[in-house]
1. Within the stretch 66-87, can you find the residues that are over 13 Å from the mean Cα position of the chain (by Cα) and under 14 Å from G135 (Cβ atoms)?
2. Could you look through the stretch 245-262, keep only residues that are buried (at least 16 other Cβ atoms within 10 Å of the Cβ) and closer than 19 Å to G215 by Cβ, and pick out the one that is modelled with the highest pLDDT?
3. Which of the residues that make up the stretch 219-261 are part of a helix (DSSP H, G or I) and either in contact with a strand residue (DSSP E or B) (Cβ under 7 Å, 6 or more places away or on another chain) or among the aliphatic types (A, V, I, L, M) (or both)?
4. Scan the stretch 112-139 and report the pairs whose first residue is free of Cβ contacts under 8 Å to residues at least 24 places away in the same chain and whose second residue is assigned to a loop (DSSP other than H, G, I, E, B) and among the polar types (S, T, N, Q), with Cβ atoms within less than 9 Å and a gap of 6+ or a chain change.
5. Inspect all residues belonging to the stretch 147-159 and state whether any of them is outside any helix (DSSP H, G or I) and surrounded by 24 or more Cβ atoms within 10 Å (Cβ to Cβ).
6. Go through the residues of the stretch 104-123 one by one and say whether even a single one is crowded, with 24+ Cβ neighbours inside 10 Å, assigned by TED's automatic domain parsing to the domain that holds D78 and part of a loop (DSSP other than H, G, I, E, B).
7. Among (1) of a type in the set (G, A, S); (2) surrounded by fewer than 16 Cβ atoms within 10 Å (Cβ to Cβ); (3) within 17 Å of T7 (Cα to Cα), where does G215 come up short?
8. Which of the residues that make up the stretch 180-218 are in a helix (DSSP H, G or I) and without any contact (Cβ under 8 Å) to a residue 60 or more places away in the chain?
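The values are calculated or read from the model by the stated rules, or taken from the named source; none is laboratory data. Here the structure is a predicted model, which is why all the values come from computation and not from measurement. Here the Cβ positions follow ideal geometry from the backbone for every residue, glycine too, while neighbour counts run over all protein chains shown.
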Amino acid sequence: MSFIKTTEQDSNYNNLEQMSVKELLVNINKEDKTVPLAVEKVLPQIEKLIEQIVLKLKSGGRLFYIGAGTSGRLGIVDASECPPTFGVPHEMVIGLIAGGDKAIRKAVEFAEDSINQGWKDLQNYSISKHDIVIGIAASGTTPYVIKALKECNSNNIVTGSISCNKNSPLSLTANFPVDIVVGPEFVTGSSRMKAGTAQKLVLNMLTTSSMIKLGKVKGNKMVDMQLSNNKLIDRGVKMIMSELNIDEQKAKDLLKKNYNVRSSINAYNTYHNGN
């Protein structure tokens, strides 16, 4: 299979410094509009990967993201949002980045070029065949990620990938690859732009769809979310009012007693169905 690194191809635009701010915005927006269409083309690949994620999580396994630079940060963001959004344990979805936690804020030179560190980082979590590991790399050529997935494959650990180049080394390594080909970036090689947006869209799909299939959403509501601020508490009260058709004070009392929207609804139904 041929491999063309479209993420590094020359931009469709030139003389960017001569454009007005409006021209820059119009053209960036024009390029951004192509990203959802590129994601749409690979929905079958995404579906297969989600089915594997659900299978592993239902069996008590964990979902790992592993990446470098922007890709690694996107994985960490997605993983970190699962506990507050869906009320799952922090250890269910884990994001790893080349260079460790300090690389979340500042680039760590040559961290992505380390061949063996990715697998070492996974081993720190006692990775096993019960888990699933998804490598994220816009180029699909990051050594840190590719070698980690190869080691996973050798240890019967299911692997997936998110890349923005067709038939990349990473895609050919993963059991369930997702290749979103977004084409050249507005600024040549700046894969934090269209490629990063594409990766974020797919990550949203992976965890949101998986959590829905795990029963973490009722109707269209996040009934297991963590009530970590006043905004979320107010949202929880409104959910309970809507679901049970009760007034605000009763909903507040239920939530205060049960600390969770789902638990509040279940407690109310259990009491009233039993009387």
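1. Listed by number, the residues that qualify are A68, G69.
2. Among them, the one singled out is V261.
3. Filtering the stretch 219-261 for residues part of a helix (DSSP H, G or I) gives 230-244, 248-258, 261.
Residues satisfying the conditions are L232, I233, V237, M239, I240, M241, L244, A251, L254, L255, V261.
4. Sorted first by the residue in the stretch 112-139, then by its partner, the pairs are K120/S114.
5. Residues of the stretch 147-159 that are outside any helix (DSSP H, G or I), as a first pass: 155-159.
Still in the running and surrounded by 24 or more Cβ atoms within 10 Å (Cβ to Cβ): 159.
Checked against the condition, which is being outside any helix (DSSP H, G or I) and surrounded by 24 or more Cβ atoms within 10 Å (Cβ to Cβ), the stretch 147-159 yields at least one hit.
6. To start, the set of residues in the stretch 104-123 that are crowded, with 24+ Cβ neighbours inside 10 Å comprises 112, 118.
Then keep just the ones that are assigned by TED's automatic domain parsing to the domain that holds D78; that gives 112, 118.
Checking the rest, the ones that are also part of a loop (DSSP other than H, G, I, E, B) come to none.
No: the stretch 104-123 contains no residue that is crowded, with 24+ Cβ neighbours inside 10 Å, assigned by TED's automatic domain parsing to the domain that holds D78 and part of a loop (DSSP other than H, G, I, E, B).
7. (3)
8. Going through the stretch 180-218, the residues in a helix (DSSP H, G or I) turn out to be 194-213.
Selection gives T208, I212.
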